[in-house]
Amino acid sequence: MLPANPIELSDETRRRRLVFRCWHRGMREVDLLLGRFADAHVPEMSRGDLARLETLLDIPDSELLAWLTGAGRANSEDNQRLIDAIRVFHSTNPTVQDNNRS
């Protein structure tokens, strides 16, 4: 059985769990925004950054989506810095569009 406290997990297990959580929150829009960011950044994040992202994942989807879309401001400076990083990531790494769809 895995320890409940993420700090007690191996770094590799903690990173895998965090990426999974980012992709499987419930609201598809939030999953896409967080999941793509996590795929790109979690492998290089420091332990402190991992802890900040884990804390961010405790925020309800509706509130988090408001922060990510700019309709609201995060509840702390740490969360706002992370939200800003996610927004910058998506502005510089747009998804590939399939122009052949009818």
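Couple of notes before you dig in:
- With Cα atoms as the point set, the radius of gyration and Dmax of region 11-92 evaluate to 11.5, 34 Å.
- Ascending count of other beta-carbon atoms within 10 Å, so fewest first, for Arg47, Arg52: Arg47, Arg52
- Student exercise, the chain dipole from Lys, Arg, Asp, Glu Cβ charges, in Debye to nearest 20: 180
- Most positive-pole-ward Cα, Ser62, His24, Gln80, against dipole of region 11-92 from beta carbon charges: His24
- Computed from backbone phi with θ = phi - 60° and the Karplus coefficients 6.51, -1.76 and 1.60, the 3J(HN,Hα) list for region 59-74 is 7, x, 3, 4, 5, 4, 4, 4, 5, 5, 8, x, 7, x, 10, 4 Hz; x is used for glycine and proline.
- Normalised by the number of residues in the chain, the average gap of Cα pairs under 8 Å and 6 or more apart makes the relative contact order 22 percent.
Read the figures in this text as sums done on the coordinates, not as results from a lab. Bear in mind the structure is a predicted one, so any value in this text is a computation, not a measurement. Cβ atoms come from the backbone with ideal geometry, glycine included; neighbour counts cover every protein chain shown.
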